[in-house]
Amino acid sequence: MATPFKRIGIFGRTGSTSVNETLTALIQLLELNHYPVCVEKETADAMGHVHLPIVTKEELGQHCDLLIVVGGDGSLLHAAPIAVDQHLPVLGINRGSLGFLTDILPAKIDKIPDILQGNYFAEDRFLLTAAVQQNDKKIFENHALNEVVIVPDRTPHMIEFEIYINKQFVCSQHGDGLIIATPTGSTAYALSGGGPILHPQLDAIVLVPMFPHTLSHRPIVVDGNSHVEVILSRKNKDHSRLSCDGRPGYTLSRGGSITIQKKSLSLKLIHPLDYQYFETLRSKLHWGKKLTKKG
């Protein structure tokens, strides 16, 4: 049996009635089982009246040893950097459309007391750190559990860039952009772009070109400890944009340089003992099922 959890933090997507209902049910369940509970401030504001201690995102690690996220994968992506920096394991309850990361359904929250007593398994998922360099100085940094994306800033058009891995030149590309994804993110934007599915226990990074002008440019999988550098051509017509996990991005100048590498701290995801990764793939991607019914 793994280490039990004693103090619980609650984090939820704001502005959703269904999420608020699940948050309320979760809090009632935790109180019934006599667990100290605190609620992240934005979550509490969205819920309205909350009788529990309310803490900011930055204070969560001082008040809990497990963070339960209620929402979709986007909610967990939002919570991930906060949890990682405060060494908080994360358990996800799915109120979204897919739920690759938030794998407990609202109807199954009765599993949670058993998990809190130590009947779970934990899985480490690494993040990527993307840094923008200018004149040999770091001017921007952000982190991604799923993917780092480089695209045109405003109007759709092709951009040109060079890729280096561990300081070795790989290629130059001319296309709509580039997705650099973790195994966790291989089932997200990178999959839509034609990239492969990487098992989450692989120590690897996938680079997926977006609509490359040269059709021979294909996704490439490299070691997870690789140092990736992307240099934007000075011949590009406009600026480009860097985005991490779909968050509002950073405008990149022509000729700018972006480095992407593994973050030193990883996210610890908590799963119930009956969790199976391939069952999740079958369910979410409709493998082995007819997509339509006759008659």
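Only the coordinates and a few stated rules stand behind these numbers; no lab work does. Worth saying up front: this structure is predicted, and the values here are computed from it rather than measured. Cβ: placed from backbone, ideal geometry, glycine included. Neighbour counts: every protein chain shown.
Here are the numbers for the structure shown:
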item: Reachable aspartates and glutamates from LYS108, criterion Cα separation under 13 angstrom, eight or more residues apart if same chain; result: ASP274
item: Taking the stretch 1-142 and dividing mean pair separation by its residue count, relative contact order in percent (alpha carbons under 8 Å, at least six apart); result: 25 percent
item: Mean separation of Cα contacts under 8 Å (6+ apart) over length of the chain, as relative contact order %; result: 18 percent
item: Number of Lys pairs (Cα under 18 Å; 8 or more positions apart or on different chains) in the stretch 127-264; result: 5
item: Separation of the SER233 and THR56 label points, Cα + 7 Å toward Cβ, nm; result: 4.5 nm
item: Gyration tensor (Cα) of the stretch 130-280, equivalent ellipsoid semi-axes in angstrom; result: 27, 17, 14
item: Residue exposure sequence - MET210, MET158, MET1 - by fewest surrounding Cβ within 10 Å; result: MET1, MET158, MET210
item: In Hz, Karplus ³J(HN,Hα) per residue of the stretch 186-203 (6.51, -1.76, 1.60; θ = phi - 60°; x = Gly, Pro); result: 5, 9, 10, 4, 4, 5, 4, x, x, x, x, 7, 9, 4, x, 8, 6, 9
item: Computed [θ] at 222 nm, deg cm²/dmol, the chain (DSSP H ≥ 4; -39,500 (n - 2.57); rounded to nearest 500); result: -5500 deg cm²/dmol
item: Viscosity 0.890 mPa s, temperature 25 °C, Stokes-Einstein D of the chain from Kirkwood C-alpha radius, µm²/s; result: 120 µm²/s
item: Packing rank of 64-74, 20-30, where each peptide gets the mean count of other beta carbons within 10 Å, highest leading; result: 64-74, 20-30
item: Cα shape, the stretch 1-117, gyration tensor, a/c 1.5 rule; result: rounded
item: DSSP-defined antiparallel bridges as percent of all bridges, the chain, nearest 5; result: 75 percent
item: Rounded FRET efficiency, nearest 0.05, which uses the C-beta distance separating GLN134 from TYR275 and R0 of 45 Å; result: 0.55
